[in-house]
Amino acid sequence: MKIISLEEQEDGSAIIQLDMSQEDMEIIFEVGFNKMLQVNQIRENKEKFIQALSKRDFDATTIFEEVLKTDELRKATQAKLDEILSQSNTVSKEIGILFKNGDPQKANLLKEKTTQLKEVSKQLTETLNTAEEKLQQLLFNIPNIPNELVPAGTDENDNQEVFIEGGIPKLSEGALPHWELAKKYDIIDFELGVKITGAGFPVYKGKGARLQRALISYFLDKNTDAGYTEYQVPHLINEASGFGTGQLPDKEGQMYHSTVDDLYLIPTAEIPVTNLFRGDLKAHSELPILCTAYTPCFRREAGSYGAHVRGLNRLHQFDKVEIVRVEKPENSYTALTGMVTHVKDILRELKLPYRILRLCGGDLGFTAALTYDFEVFSTAQDRWLEISSVSNFETFQANRLKLRYKDENGNNKLAHTLNGSSLALPRVLAGILENYQSPEGIKIPEVLVPYCGFNIIN
């Protein structure tokens, strides 16, 4: 918002012309409130937040000092601007009265003062806009405050195993990794994907394509049966959506960017689904909101290389079924537990050995307050493969999204957002191919047979 003119009227009124859109006018007060809320939380919990963010190996001392310093400048400038505008209004009224009383000479003298006040207001407005923009950028670059349950640590080696289930199957001699099985049974062609696009864009064929479709349908059915409403959403997002859920500016380099239209290919359905509610003010009776969606996902995975990314382990395009929840703050961690239980149930039905990790601060995503990772054991590769992340973002995304609800007392509050994969298909498929292989072929998990229409790949 910018003041582009301030004109006094003979009747004593003042006309202030603002450079702002209708949308800006509708949300300006909420945006200001949310920003103020963030800064006040930092001011009141500075040392606590610094200590919590140290779990991420993120030293917040300098940026917090800069935030508070910039906010003080913003507040002081706003106070001066308010004073100048008040003076302008008072002088404008005096001018109107003088003209009305037939004293144009004094009125014209006062007009000189309004010119001076207008110049000062212009300068103050520029200072205020600069401070506002700087403050916003600073806040955008502060990651979410980790939940107290998040362990300290620098990388995946410091994650905590909190649950493990399922026996590791004993494979026959000569068991193959999934990329060899895919070639043997002609169900996934990685070379064709390279021909069409490049590495990381596989082509699914025959029973491989049918198994992929079966997994998508099964996951969606499990989610809708659990109360999630299914959505089909766009696979491209605008910049506002990326900022809303926190992919921008943190993960800009990991997303494919269509520069002509300034749109981004989605790395997960979480972004368009959560942005369905951007700018919403919900009634408390409307929460919780439960959503699920299937989408292809696109990730540049810049810098990924080595044996650990072979086959389906790391792709640039893959399919995923997502679950998203919008919750009241007091219910969000109960909801997180419910989401974890839901993913457990799916993996039990697939009869895949899996474990759950509580991510340490160094491995925690920029936007998450607490994340549980699910990993399935790849028998042929003899290692664990991540297949799902279930996270609570608390108010981090809602603050950016301006996603609020009215509580029972009529007060506007920021909602909590959560999301999880249920599930990411490539590594689930890899786990099925490797763990279900036999001399006769690849057996299909019993729960998927009705979706596939066959019980073995041979």
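Below are the figures for this structure:
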quantity: Highest to lowest packing among 346-352, 362-368, scored as the average C-beta count within 10 Å; calculated: 362-368, 346-352
quantity: Calculated FRET value between Arg43 and Asp261, using beta carbons and R₀ = 51 Å, to 0.05; calculated: 0.80
quantity: Nearby aspartates and glutamates by direct alpha-carbon distance to Lys75 (threshold 18 angstrom, same-chain neighbours under 8 apart not counted); calculated: Glu30, Glu44, Glu65, Glu66, Glu83, Glu126, Glu132, Glu133
quantity: Label selected from (i) 23.5, 83; (ii) 21.9, 71; (iii) 28.1, 107, the criterion being Rg and Dmax of the Cα atoms in Å as computed here; calculated: (iii)
quantity: Exposure proxy ranking, count of Cβ atoms within 10 Å, fewest first, for Leu236, Leu53; calculated: Leu236, Leu53
quantity: Relative contact order [Cα under 8 Å, 6+ residues apart], the stretch 311-458, whole percent; calculated: 29
quantity: For the stretch 102-216, Kirkwood radius (reciprocal of mean inverse C-alpha pair distance, Å); calculated: 22.9
quantity: Mean-position separation - Cα centroids, the stretch 114-156 and the stretch 332-383, in angstrom; calculated: 34
quantity: Above-threshold pairs, the threshold being 32 Å between Cα atoms, out of Lys195/Lys222; Lys170/Lys195; Lys184/Lys320; calculated: Lys195/Lys222; Lys170/Lys195
quantity: Mean Cβ neighbour count within 10 Å, used as a protection proxy, ranking 429-439, 213-223, 62-72 highest first; calculated: 429-439, 213-223, 62-72
quantity: Segments 256-268, 113-125, 160-172, 386-398 sorted - mean Cβ within 10 Å per residue, highest first; calculated: 386-398, 113-125, 256-268, 160-172
quantity: Computed over the stretch 328-458, the ratio Rg/Rh where both radii use C-alpha atoms and Rh is Kirkwood; calculated: 1.11
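The numbers here are math on the coordinates, done by the rules we state, and not lab data. Here the structure is a predicted model, which means the values were calculated and not measured. Cβ sites come from the backbone with ideal geometry, for glycine too, and all protein chains shown count toward neighbours.
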